[in-house]
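Please treat every number below as a calculation from the coordinates, not as lab data. Values in this document were obtained by computation on a predicted structure and should not be read as measured data. So basically every Cβ, Gly included, is an ideal-geometry build from the backbone, and we count neighbours across all protein chains shown.
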Amino acid sequence: MIWVPNQLVGAPSGTDVTIECNTEAYPKAISYWVYEGIMLLPTKKYLTDIQENSYRTYMRLTVRNLTSKDFGSYRCISKNSLGETEGSIRLYALKSGVVQRTTTTEIPEVKTTTAYATTMSNYVIPASAEASHKVPKTYLKDHSFYALQKFLATRIEKSEKII
């Protein structure tokens, strides 16, 4: 299962933008980002962050110093031995002087995987590093997917344009 908090994201050229994608899979899945049919590996242009917690994966991709070539559809893909699923996020250009404000959601405590990755065929093998993140108090008793989904549904990103 895959869910994308924001399927349409706008940002002006010359800025950095972060997009998010969340998956739930068993057995554990391999997750990665694709743009224009090419798997994105961490570079100065693309910063990736993958946080894993048992069968849940929270993915973030930051595209730095946006240019016209960066606008389009990004796909987050998750594969395991039972199949594959993907989500899509469309990144579009905002006019100069317009700022899009978004809110982000807190996620349960997870292990962070920094995606300095190597490729073998079509698979990505990430290196791991642990980090601790704040857990909303409402999750201290219930870490189920449905509780997380309900929490995320109440915290959907709100955008506002400022001129």
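Assuming a viscosity of 0.692 mPa s and a temperature of 37 °C, what translational diffusion coefficient in µm² per second does Stokes-Einstein assign to segment 6-53, Rh being the Kirkwood radius over Cα pairs?
On the way: Rh = 13.0 Å.
For these conditions, the coefficient is 252 µm²/s.
So which of 44/95; 28/69; 45/95; 44/69 end up more than 23 Å apart by C-alpha?
44/95; 28/69
Note on residue 69 and residue 6: the extension gain reaches 20.6 nm, defined as 0.36 nm multiplied by sequence separation minus the Cα-Cα distance. Along segment 40-51 the Karplus relation, 6.51 cos²θ - 1.76 cosθ + 1.60 evaluated at θ = phi - 60°, assigns HN-Hα couplings of 8, 9, x, 9, 5, 6, 10, 9, 10, 9, 10, 10 Hz to successive residues, with x for each Gly and Pro. Couplings for segment 30-38, taken from phi via the Karplus curve 6.51 cos²θ - 1.76 cosθ + 1.60 with θ = phi - 60°, read 9, 10, 7, 9, 9, 9, 6, x, 10 Hz in order; Gly and Pro are left as x.
Treat the count of other C-beta atoms within 10 Å as a stand-in for reagent exposure and order 33, 3 from fewest to most.
On the way: 33 25, 3 16.
Least to most surrounded, the residues fall as 3, 33.
Spin-label pair residue 13-residue 86: with each label point 7 Å from Cα along the Cα-Cβ axis, the two points sit 2.8 nm from one another.
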